[in-house]
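Heads up: the structure comes next, in structure tokens.
Just so it is clear, none of the values below were taken in a lab; they were calculated from the coordinates. These numbers were taken from a predicted model, which means no experiment stands behind them. Neighbour counts are summed over all protein chains in view; Cβ atoms, including those assigned to glycine, are modelled from backbone coordinates with ideal geometry.
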Amino acid sequence: MSSCIFCAIVEGTAPGRIVYSDDEVVGFLDIRPVTRGHTLLVPRIHSSGLDDLDPARGAALFRAGQRLATAMKRGPLAADGVNIALNDGRAAFQTVFHTHLHVVPRRAGDKLSFAKGFVVRRDPDPDETAELLRASLEAAG
């Protein structure tokens, strides 16, 4: 049995606010979000980092990231932009060793609140945020 929390979320044996799911990728809200809507996308098949990530799965991960970013900008979150980041290795601040893509909605002029988000890291209503993202993705098709 794996001790990987992200594998457990993918398998449904650990809680997660799932906002995206397809045959290759699962997306769920980060439990310590930098901004409202901060989502993690993970491949369904475990890989610890870029070294053991199958390139086709990596492509699926980035396709899902692009789709989610579009939904964040066009939907009720009304993001003006999106940061997409993949931390690969402990030196790069990777803390969960299951490859994951951070998709972080941004707003024009949010530098101060974005910096504050690294300290505070909470969403006052993550259930509502998850529902907004699911609805945005559904509307985007």
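Observations on the structure shown:
- Tail weight of P(r) past 28 Å, computed on alpha-carbon pairs of the chain, percent: 13
- Relative contact order (%) - criterion: Cα under 8 Å, at least six apart; region: the chain: 31
- Relative to the dominant Cα principal axis of the chain, helix 126-140 is inclined by about 90°.
- When the chain is described by a simple charge dipole with +1 on each Lys and Arg Cβ and -1 on each Asp and Glu Cβ, the residue from H46, A78, F62 located farthest towards its positive end is A78.
- Spin-label model, L50 to D110: label points 7 Å out along the Cα-to-beta-carbon direction sit 2.5 nm apart.
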